[in-house]
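Colleague: Starting off with a structure, shown below.
FYI, it's all coordinate maths here, none of it is from the lab. Fair warning: this is a prediction, and the values are worked out from it, not measured in the lab. We place every Cβ from the backbone using ideal geometry, glycine too, and count neighbours over all the protein chains shown.
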Amino acid sequence: MAIIITDECINCGACEPECPNTAIYEGAEDWNYGQGTSLEGDIELLNGIKLNAEDDQEAISDEYYFIVPDKCTECKGFHEEPQCAAVCPVDCCVPDENHVETEEELLNKQQFLHN
């Protein structure tokens with residue numbers, strides 16, 4: 001499953017540079033699928049949605065750092081554990097029960113993002 005940042009976040013920013021997928025953004029920051037990945041131009045996400053990787057997407061949170069579920073692989077293919085959770089001083093990077101994925105799905109997503 002993806003990781004989520006809870007509202008206990010103190011906006012310290014420790015997690016953001018640790019993400020190998022550039023899936024973590026500061027609150028209110030627009031983002032796109034191309035940032036920190038090999039995705040570019042028109043793409044089809046693993047869930048079938050078609051879009052342009054460089055098109056800005058709306059921030060998921062306006063108040064605190066957030067993780068884009070479609071870009072989060074729990075660091076599978078890079079590290080043994082989610083790096084955001086490892087460095088978070090208040091333990092607010094936790095599994096997202098709304099985005100449950102198998103290890104195989106996470107590794108497939110990692111390959112998709114960084115082909």
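Colleague: Tell me which residues come under 5 Å, amide H to amide H, from Asn32 once H is placed; ignore anything under 5 positions away on its chain.
Modeller: Sorted by chain and number, the residues that satisfy this are Gln57.
Colleague: For the chain, what is the charge dipole size about the Cα centre, in debye to the nearest 20, if Lys and Arg each add +1 at the Cβ and Asp and Glu each add -1 at the Cβ? Please list the in-between numbers first.
Modeller: Working: 4 positive and 27 negative charges, 67 e Å.
In total the dipole reaches around 320 debye.
Colleague: A further question follows. Any idea how far the Cα center of segment 1-40 sits from the one of segment 58-92, in Å?
Modeller: The two parts, judged by their Cα centres, are 6 Å apart.
Colleague: With each run of n ≥ 4 DSSP H residues scored as -39500 (n - 2.57), what mean residue ellipticity at 222 nm is computed for the chain after dividing by its residue count and rounding to the nearest 500 deg cm²/dmol?
Modeller: Numbers: 2 runs with 16 residues, N = 115.
Roughly -3500 deg cm²/dmol at 222 nm, from the helical runs in the chain.
Colleague: Specify the angular offset, from 0 to 90 degrees and rounded to the nearest 10, of the alpha carbon long axis of helix 103-113 from the longest principal axis of the alpha carbons in the chain.
Modeller: Long axis of 103-113 versus the principal axis of the chain: about 70 degrees.
Colleague: Same structure again: Cα-based Rg of segment 1-50 per 2.2 N^0.38 Å, rounded to two decimals? Mind dumping the intermediate values first?
Modeller: Details: Rg = 12.9 Å, N = 50, 2.2 N^0.38 = 9.7 Å.
With N residues counted in segment 1-50, Rg over 2.2 N^0.38 Å equals 1.32.
Colleague: Sticking with this one: In terms of modelled amide H atoms, which long-range or inter-chain residues lie less than 5 Å from the amide H of Ile3?
Modeller: Counting only residues 5 or more places away or on other chains, the set is Glu74, Asp96.
Colleague: Related question: Just to check I understand the Karplus step: with θ = phi - 60° and J = 6.51 cos²θ - 1.76 cosθ + 1.60, what whole-Hz values come out for segment 2-7, glycine and proline as x?
Modeller: Values per residue, Gly and Pro as x: 6, 9, 10, 9, 7, 6 Hz.
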